[in-house]
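Worksheet: one structure, shown below.
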């Protein structure tokens, strides 16, 4: 790196704090000077025990740069003690060529990286910057996790603790403060509208209206009127003027569900509104400015529809700014008990019933079933079970008339000895059928001597002769009946 580039690196928006530890004073002084020239705030010490005291008093230090081989504490031992105080600390180990293996072990224990001595200042600068970036990322993820925990009741009924749902919560919090158009993809019943409502709730528009429209539920002839409204006299039955949903959602959020079902004749009109921020009611020659944040959702593959000419490409790119993909319930079965409990509470409130017990087999059936209708189907199933229950327990017997019936009873578990006997007998039967009772060939396939194989057959009550049937001849026209 040139001197000019080095000078540029001195200018930093904020000083990151580094704890520098090495029991060789000359190395310590040179390293401290180089790091301070780069704009870092450096606290240095020759004593690893003193370094631990310093970190205990200053746990927000971002980077630990430490020699691996020191008399009092090794670099890895010092790092481990510091990580107990602050797990976000990033450590870079200095090591000689003969101790690289120890540095690698330190990385396995939590160090960010290592640098060999004599230290290349350019390499160290790069690794320090990378370590700071990693620390910032870890902090951001942790802060999001904390924010999610703090706002559990503010996600508009979205329930889940699986990794996929935590990812959805993070995306909601990231995009909510912006006015960027969001596209939510997912199967029916996965909770796409709940995500849209949560984005609105956490946005700067939360005091404005949230209006949801299902494009698939409105006939093509009425959708334009629903979206843009009309003026009096625009058509025969238009005795009064009507605001469309774009005008009604002004200063708020408009959620267009099943946008993939929208008639192609509406694509250009929707695109114009998104490009100009203006709507033109039916029968009017005047336009109206609207300030609306748009969120769309669909179960369709819009990219495929664009390729097939069924969805306008420029509209696709206009709405496909931030995609959120809702996972189907079968991909997040860890959330099923949590969802079950949530919907059970709601069902008890609606029916005024008290359920005190849940059969474990019933819950297992819920976990085994694939839920093609997703969360909506699960909620309906819980409502059904509570409605038909006559006692304060939801038993597996209640599933007898449902698609979950086949998962509600477990086959009895046989003793291992009995199961092994049955498996071996079935294996021997299949082998004798395959070899048509040929003992030598069957024994060879099974990996037994002929005499031992005979004993195995006797032990399982099998007679090889009964399998020596002459193969019958099959006519070609009989093949279809086999």
Given the options 318, 330, name the one that is at pLDDT 90 or above and exposed (fewer than 14 other Cβ atoms within 10 Å of the Cβ). 330
Check residue 383 against each of (1) free of Cβ contacts under 8 Å to residues at least 40 places away in the same chain; (2) outside any loop (DSSP other than H, G, I, E, B) and name the one condition it does not meet. (1)
Identify, by number, the condition in (1) farther than 27 Å from residue 165 by Cα; (2) not assigned by TED's automatic domain parsing to the domain that holds residue 461 that residue 378 doesn't meet. (1)
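Which count do you get for residues in the range 47-84 that are surrounded by fewer than 15 Cβ atoms within 10 Å (Cβ to Cβ) and in contact (Cβ under 8 Å) with a residue 12 or more places away in the chain? Break it down into steps so the answer makes sense when it comes.
Step one: of the range 47-84, the residues surrounded by fewer than 15 Cβ atoms within 10 Å (Cβ to Cβ) are 49-50, 53, 56-60, 71-72, 84.
Then drop every residue that is not in contact (Cβ under 8 Å) with a residue 12 or more places away in the chain, which leaves 49, 56, 58-60, 71-72.
Residues in the range 47-84 being surrounded by fewer than 15 Cβ atoms within 10 Å (Cβ to Cβ) and in contact (Cβ under 8 Å) with a residue 12 or more places away in the chain: 7 in total.
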Within the range 433-449, is even one residue in a helix (DSSP H, G or I), surrounded by 12 or more Cβ atoms within 10 Å (Cβ to Cβ) and out of contact with any helix residue (DSSP H, G or I) (no Cβ under 7 Å at 6 or more places or on another chain)? yes
Can you name every residue in the range 70-87 that is touching a helix residue (DSSP H, G or I) at 6+ places or on another chain (Cβ under 6 Å) and under 19 Å from residue 114 (Cβ atoms)? 70, 73, 76, 78, 81, 82
Among (1) under 19 Å from residue 371 (Cα atoms); (2) in a loop (DSSP other than H, G, I, E, B); (3) free of Cβ contacts under 8 Å to residues at least 40 places away in the same chain - the single one residue 309 does not satisfy: (1)
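Against the condition loosely packed, with under 12 Cβ neighbours inside 10 Å and not assigned by TED's automatic domain parsing to the domain that holds residue 296, how does residue 364 come out, does it pass? Steps first, answer last, please.
Values: loosely packed, with under 12 Cβ neighbours inside 10 Å: no; not assigned by TED's automatic domain parsing to the domain that holds residue 296: yes.
No: the conditions fail for residue 364.
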Can you confirm whether residue 427 is more than 30 Å from residue 193 (Cα to Cα), within 49 Å of the chain's Cα centre (by Cα), at pLDDT 85 or above and not assigned by TED's automatic domain parsing to the domain that holds residue 346? yes
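Look through 389, 400 and report the one residue that is surrounded by fewer than 16 Cβ atoms within 10 Å (Cβ to Cβ) and either more than 25 Å from the chain's Cα centre (by Cα) or assigned by TED's automatic domain parsing to the domain that holds residue 249 (or both). Working first, answer last.
On the way: 389 fails: surrounded by fewer than 16 Cβ atoms within 10 Å (Cβ to Cβ).
Answer to the selection: 400.
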In this structure, does residue 205 turn out to be at pLDDT 90 or above and part of a loop (DSSP other than H, G, I, E, B)? yes
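Looking only at residues that are without any contact (Cβ under 8 Å) to a residue 12 or more places away in the chain and part of a helix (DSSP H, G or I) in the range 347-369, which one is farthest from residue 298 (Cα to Cα)? Explain how you work it out, then say what you get.
The first filter runs over the range 347-369 and keeps only residues without any contact (Cβ under 8 Å) to a residue 12 or more places away in the chain, leaving 349, 352, 360.
Filter again for part of a helix (DSSP H, G or I), leaving 349, 360.
Details: 349: 32, 360: 36 Å.
In this case the residue turns out to be 360.
Of the residues that make up the range 219-240, is at least one part of a strand (DSSP E or B) and either buried (at least 19 other Cβ atoms within 10 Å of the Cβ) or in contact (Cβ under 8 Å) with a residue 40 or more places away in the chain (or both)? If you could, list the steps in order and put the result at the bottom.
Keep residues of the range 219-240 that are part of a strand (DSSP E or B), which gives 229-230.
If we keep only those that are either buried (at least 19 other Cβ atoms within 10 Å of the Cβ) or in contact (Cβ under 8 Å) with a residue 40 or more places away in the chain (or both) as well, we get 229-230.
Among the residues of the range 219-240, at least one is part of a strand (DSSP E or B) and either buried (at least 19 other Cβ atoms within 10 Å of the Cβ) or in contact (Cβ under 8 Å) with a residue 40 or more places away in the chain (or both), which makes the answer yes.
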Quick check on the range 294-303. Is at least one of its residues modelled with pLDDT of 90 or more, buried (at least 20 other Cβ atoms within 10 Å of the Cβ) and farther than 30 Å from residue 234 by Cβ? yes
Considering (1) out of contact with any helix residue (DSSP H, G or I) (no Cβ under 7 Å at 6 or more places or on another chain); (2) closer than 30 Å to residue 454 by Cβ, say which one residue 428 fails and leave the rest. (1)
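The values are calculated or read from the model by the stated rules, or taken from the named source; none is laboratory data. Everything numeric here is computed off the predicted structure, so don't read it as measured data. Quick reminder, even Gly has a Cβ in these numbers, built from the backbone with ideal geometry, and neighbours come from all protein chains shown.
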